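Visitor: I have a structure I would like to understand better, so I am pasting it below and will then ask my questions one at a time.
The values are calculated or read from the model by the stated rules, or taken from the named source; none is laboratory data. Quantities reported herein were computed from a predicted structural model and do not represent experimental measurements. Methodologically, a virtual Cβ is constructed for each residue, glycine included, from the backbone with ideal geometry; neighbour enumeration extends over all protein chains shown. When the accessible area is computed, the model is the full protein with side chains, heavy atoms only, and any ligands, DNA or RNA have been set aside. Shrake-Rupley method; radii C 1.70, N 1.55, O 1.52, S 1.80 Å.
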Amino acid sequence: MMQTRTLYVTLALVGAALSTAAAPALAAPSAAPAATAPCPTGWGSAAKSAASGTAAATTVRDVRTGRHDCYDRMVVDLPGSAGGAGAVGYTVQYVDRLHQDGSGTHIPVTGGAVLEVRAAAPSYDPGTGEATYPARAGQPLPGVDLTGYRTFRDTRFAASFEGDTQIGLGVRARLPFRVLQLQDRLVVDVAHNWTGAR
(Lines give C-alpha, C1' and ligand atoms only; values in the text may rest on other atoms or scores of the structure.)
Protein backbone atom coordinates (compact mmCIF):
# COMPACT_ATOMS: atom_id res chain seq x y z
CA MET A 1 0.00 0.00 0.00
CA MET A 2 2.83 2.32 0.94
CA GLN A 3 4.56 1.44 -2.30
CA THR A 4 1.45 2.26 -4.37
CA ARG A 5 1.00 5.63 -2.68
CA THR A 6 4.69 6.49 -3.28
CA LEU A 7 4.28 5.54 -6.94
CA TYR A 8 1.22 7.84 -7.32
CA VAL A 9 3.02 10.77 -5.67
CA THR A 10 6.09 10.24 -7.85
CA LEU A 11 3.98 10.10 -11.02
CA ALA A 12 2.13 13.26 -9.99
CA LEU A 13 5.38 15.16 -9.43
CA VAL A 14 6.83 13.98 -12.74
CA GLY A 15 3.62 14.99 -14.60
CA ALA A 16 3.66 18.44 -13.03
CA ALA A 17 7.30 18.95 -14.00
CA LEU A 18 6.61 17.86 -17.58
CA SER A 19 3.60 20.16 -18.00
CA THR A 20 5.58 23.12 -16.63
CA ALA A 21 8.47 22.43 -19.01
CA ALA A 22 6.12 22.07 -21.98
CA ALA A 23 4.16 25.26 -21.25
CA PRO A 24 5.29 28.21 -23.35
CA ALA A 25 7.09 30.87 -21.42
CA LEU A 26 4.99 33.98 -20.83
CA ALA A 27 6.46 37.02 -22.51
CA ALA A 28 7.37 39.85 -20.24
CA PRO A 29 4.97 42.73 -20.74
CA SER A 30 6.41 45.11 -23.34
CA ALA A 31 6.87 48.73 -22.50
CA ALA A 32 4.10 50.97 -23.81
CA PRO A 33 5.18 53.06 -26.79
CA ALA A 34 6.37 56.48 -25.85
CA ALA A 35 3.58 59.03 -26.10
CA THR A 36 4.03 61.46 -28.97
CA ALA A 37 4.06 65.03 -27.80
CA PRO A 38 1.09 67.03 -29.08
CA CYS A 39 1.64 69.71 -31.66
CA PRO A 40 1.73 73.31 -30.46
CA THR A 41 -1.63 75.03 -30.29
CA GLY A 42 -2.71 78.54 -29.52
CA TRP A 43 -1.41 80.26 -32.64
CA GLY A 44 -4.90 81.37 -33.64
CA SER A 45 -6.02 82.50 -37.07
CA ALA A 46 -6.17 86.27 -36.54
CA ALA A 47 -4.05 88.63 -38.67
CA LYS A 48 -0.41 88.99 -37.64
CA SER A 49 1.85 91.91 -38.54
CA ALA A 50 5.05 93.76 -37.66
CA ALA A 51 6.58 97.04 -38.80
CA SER A 52 9.88 97.14 -40.66
CA GLY A 53 12.99 97.78 -38.61
CA THR A 54 14.94 100.98 -39.16
CA ALA A 55 17.77 99.17 -40.98
CA ALA A 56 15.62 96.88 -43.14
CA ALA A 57 16.50 97.25 -46.81
CA THR A 58 16.40 94.04 -48.81
CA THR A 59 14.65 92.29 -51.66
CA VAL A 60 12.82 88.98 -51.96
CA ARG A 61 15.20 86.41 -53.46
CA ASP A 62 13.27 83.15 -53.14
CA VAL A 63 10.14 81.55 -51.67
CA ARG A 64 10.24 77.90 -50.58
CA THR A 65 8.01 75.50 -48.70
CA GLY A 66 8.53 72.48 -46.47
CA ARG A 67 6.55 69.79 -44.66
CA HIS A 68 6.83 69.21 -40.90
CA ASP A 69 5.13 66.88 -38.40
CA CYS A 70 2.77 69.56 -37.09
CA TYR A 71 2.56 72.17 -39.83
CA ASP A 72 3.40 73.15 -43.40
CA ARG A 73 5.94 75.96 -43.78
CA MET A 74 6.53 78.78 -46.27
CA VAL A 75 9.86 80.64 -46.17
CA VAL A 76 10.48 83.99 -47.87
CA ASP A 77 14.24 84.52 -48.29
CA LEU A 78 15.27 88.11 -47.59
CA PRO A 79 19.08 88.38 -47.64
CA GLY A 80 20.27 91.42 -45.73
CA SER A 81 17.47 91.42 -43.17
CA ALA A 82 18.65 90.38 -39.75
CA GLY A 83 15.80 90.61 -37.27
CA GLY A 84 15.61 93.32 -34.62
CA ALA A 85 16.43 96.71 -36.16
CA GLY A 86 16.98 94.98 -39.52
CA ALA A 87 13.68 93.09 -39.57
CA VAL A 88 11.42 93.28 -42.60
CA GLY A 89 7.82 94.26 -41.89
CA TYR A 90 4.98 91.94 -42.80
CA THR A 91 1.24 91.35 -42.68
CA VAL A 92 -0.20 87.83 -42.87
CA GLN A 93 -3.96 87.40 -42.77
CA TYR A 94 -6.87 85.35 -44.06
CA VAL A 95 -8.78 87.06 -46.85
CA ASP A 96 -12.01 86.16 -48.64
CA ARG A 97 -10.37 86.78 -52.03
CA LEU A 98 -6.87 87.74 -53.08
CA HIS A 99 -6.75 91.10 -54.91
CA GLN A 100 -3.57 92.29 -56.58
CA ASP A 101 -2.06 95.47 -55.15
CA GLY A 102 -2.29 98.41 -57.51
CA SER A 103 -4.76 97.00 -60.04
CA GLY A 104 -7.20 95.35 -57.64
CA THR A 105 -7.40 92.36 -60.00
CA HIS A 106 -8.80 89.22 -58.38
CA ILE A 107 -6.28 86.35 -58.38
CA PRO A 108 -7.94 82.95 -57.83
CA VAL A 109 -6.24 80.76 -55.23
CA THR A 110 -7.22 77.11 -54.73
CA GLY A 111 -8.08 75.89 -51.22
CA GLY A 112 -10.67 76.14 -48.48
CA ALA A 113 -9.09 79.41 -47.24
CA VAL A 114 -6.61 81.97 -48.54
CA LEU A 115 -3.74 83.51 -46.56
CA GLU A 116 -2.39 86.76 -47.93
CA VAL A 117 1.33 87.02 -47.16
CA ARG A 118 2.74 90.51 -47.58
CA ALA A 119 6.44 91.29 -46.98
CA ALA A 120 7.74 94.86 -46.89
CA ALA A 121 10.40 94.11 -49.49
CA PRO A 122 10.21 94.25 -53.29
CA SER A 123 10.98 91.30 -55.55
CA TYR A 124 13.03 93.59 -57.78
CA ASP A 125 16.11 95.76 -57.39
CA PRO A 126 14.81 99.29 -56.62
CA GLY A 127 17.79 100.85 -58.41
CA THR A 128 17.56 98.95 -61.69
CA GLY A 129 14.06 97.49 -61.68
CA GLU A 130 15.57 94.07 -62.44
CA ALA A 131 13.70 91.13 -60.88
CA THR A 132 15.37 89.48 -57.89
CA TYR A 133 12.68 86.77 -57.72
CA PRO A 134 11.39 85.43 -61.07
CA ALA A 135 7.68 85.15 -60.28
CA ARG A 136 4.80 86.22 -62.53
CA ALA A 137 1.57 87.81 -61.36
CA GLY A 138 -1.28 85.32 -61.03
CA GLN A 139 1.00 82.30 -61.52
CA PRO A 140 2.12 79.60 -59.04
CA LEU A 141 5.39 80.35 -57.25
CA PRO A 142 8.34 79.09 -59.30
CA GLY A 143 9.94 75.89 -58.03
CA VAL A 144 7.25 75.20 -55.39
CA ASP A 145 5.64 71.75 -55.53
CA LEU A 146 2.91 71.12 -52.93
CA THR A 147 2.40 67.42 -53.69
CA GLY A 148 1.89 65.51 -50.42
CA TYR A 149 1.32 68.55 -48.21
CA ARG A 150 -1.33 68.16 -45.51
CA THR A 151 -2.32 71.83 -45.31
CA PHE A 152 -0.99 73.80 -48.30
CA ARG A 153 -3.04 73.59 -51.50
CA ASP A 154 -1.83 76.41 -53.78
CA THR A 155 0.56 79.36 -54.06
CA ARG A 156 0.11 82.43 -56.26
CA PHE A 157 2.33 85.41 -56.81
CA ALA A 158 0.15 88.50 -56.67
CA ALA A 159 2.41 91.53 -57.06
CA SER A 160 5.45 93.48 -56.04
CA PHE A 161 4.13 97.01 -55.75
CA GLU A 162 5.54 100.10 -54.04
CA GLY A 163 8.13 98.09 -52.14
CA ASP A 164 5.83 95.30 -50.92
CA THR A 165 5.65 91.73 -52.21
CA GLN A 166 2.24 90.04 -52.05
CA ILE A 167 1.68 86.26 -52.18
CA GLY A 168 -1.48 84.18 -51.95
CA LEU A 169 -1.23 80.90 -50.03
CA GLY A 170 -4.16 78.49 -50.45
CA VAL A 171 -4.71 76.21 -47.45
CA ARG A 172 -7.09 73.34 -46.72
CA ALA A 173 -9.21 75.37 -44.29
CA ARG A 174 -8.92 78.37 -41.98
CA LEU A 175 -6.28 76.92 -39.66
CA PRO A 176 -4.01 78.36 -36.95
CA PHE A 177 -0.78 79.95 -38.17
CA ARG A 178 2.27 81.73 -36.82
CA VAL A 179 4.83 84.09 -38.36
CA LEU A 180 8.51 84.08 -37.41
CA GLN A 181 11.26 86.51 -38.35
CA LEU A 182 14.49 84.56 -38.49
CA GLN A 183 17.92 85.52 -39.80
CA ASP A 184 17.45 86.57 -43.45
CA ARG A 185 13.95 85.11 -43.79
CA LEU A 186 10.28 85.42 -42.98
CA VAL A 187 8.58 82.15 -42.00
CA VAL A 188 4.86 81.32 -42.10
CA ASP A 189 3.78 78.04 -40.46
CA VAL A 190 0.21 76.78 -40.91
CA ALA A 191 -0.90 74.03 -38.51
CA HIS A 192 -2.38 70.78 -39.78
CA ASN A 193 -5.37 71.09 -37.43
CA TRP A 194 -6.80 72.92 -34.42
CA THR A 195 -6.49 70.05 -31.93
CA GLY A 196 -2.72 69.57 -31.73
CA ALA A 197 -3.01 65.97 -32.93
CA ARG A 198 -0.19 64.73 -35.15
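Visitor: Taking only protein heavy atoms and a 1.4 Å probe, what accessible area per residue, in Å², does segment 82-185 have with all protein chains in place?
Guide: Numbers: 4820 Å² over 104 residues.
Per-residue accessible area for segment 82-185 comes out at 46 Å².
Visitor: Follow-up question, since we're still on this one. Given the peptides 180-187, 104-111, arrange them by the average over their residues of other C-beta atoms within 10 Å, most packed first. Each step should come with its number before you reach the end.
Guide: On the way: 180-187: 16.9, 104-111: 14.9.
Going from most to least packed, we get 180-187, 104-111.
Visitor: Within the set of other residues whose C-beta is less than 12 Å from the C-beta of PRO140, count the net charge using Lys and Arg as +1 and Asp and Glu as -1. The partial results should precede the final answer.
Guide: Working: positive: ARG136, ARG153, ARG156; negative: ASP145, ASP154.
So the surrounding residues net to +1.
Visitor: Given the Cα-Cα distance of ALA46 and ARG198 and 0.36 nm per residue of separation, how much length would full extension add, in nm? Numbers along the way, then the final one.
Guide: Details: separation 152, 0.36 × 152 = 54.72 nm, distance 2.24 nm.
Net length gain for the segment: 52.5 nm.
Visitor: Just to verify a number: FRET efficiency for ASP145 and ALA57, C-beta to C-beta distance, R0 = 25 Å, to 0.05? Don't skip to the answer; put the middle values down first.
Guide: Values: r = 31 Å, r/R0 = 1.25.
FRET efficiency, ASP145 to ALA57: 0.20.
Visitor: Shifting gears a bit: To the nearest 20 debye, what charge dipole does segment 116-189 have about its Cα centre, counting +1 at the Cβ of each Lys and Arg and -1 at the Cβ of each Asp and Glu?
Guide: Numbers: 9 positive and 9 negative charges, 101 e Å.
Value, rounded to 20: 480 debye.
Visitor: Mind grabbing the accessible area of GLU116 for me, 1.4 Å probe, Å², rounded to tens?
Guide: 20
Visitor: Additional query: Among 190-197, 168-175, 136-143, what's the highest-first ranking by average C-beta atoms within 10 angstrom per residue?
Guide: Working: 190-197: 17.2, 168-175: 20.6, 136-143: 15.0.
Ranked from most to least packed, the peptides come out as 168-175, 190-197, 136-143.
Visitor: Okay, next question. Does segment 63-198 classify as rounded, prolate or oblate by the C-alpha gyration tensor (a ≥ b ≥ c root eigenvalues; a/c under 1.5 gives rounded; else a/b over b/c gives prolate, otherwise oblate)? Walk me through the numbers on the way to the answer.
Guide: Working: a/c = 1.84, a/b = 1.31, b/c = 1.40.
Here segment 63-198 falls in the oblate category.
Visitor: Measure off, as a whole percent, the carbon and sulfur share of the 1.4 Å-probe accessible area of segment 65-198, all protein chains present. Write down the numbers at each step before the final one.
Guide: Working: 2750 of 5960 Å².
After summing per-atom areas, the C and S share lands at 46 percent.
Visitor: From the phi of every residue in segment 114-130, what ³J(HN,Hα) in whole Hz does the Karplus formula 6.51 cos²θ - 1.76 cosθ + 1.60 yield, where θ is phi - 60° and glycine or proline is x?
Guide: Per-residue couplings from phi come out as 10, 9, 8, 10, 10, 10, 7, 7, x, 9, 8, 6, x, x, 10, x, 6 Hz.
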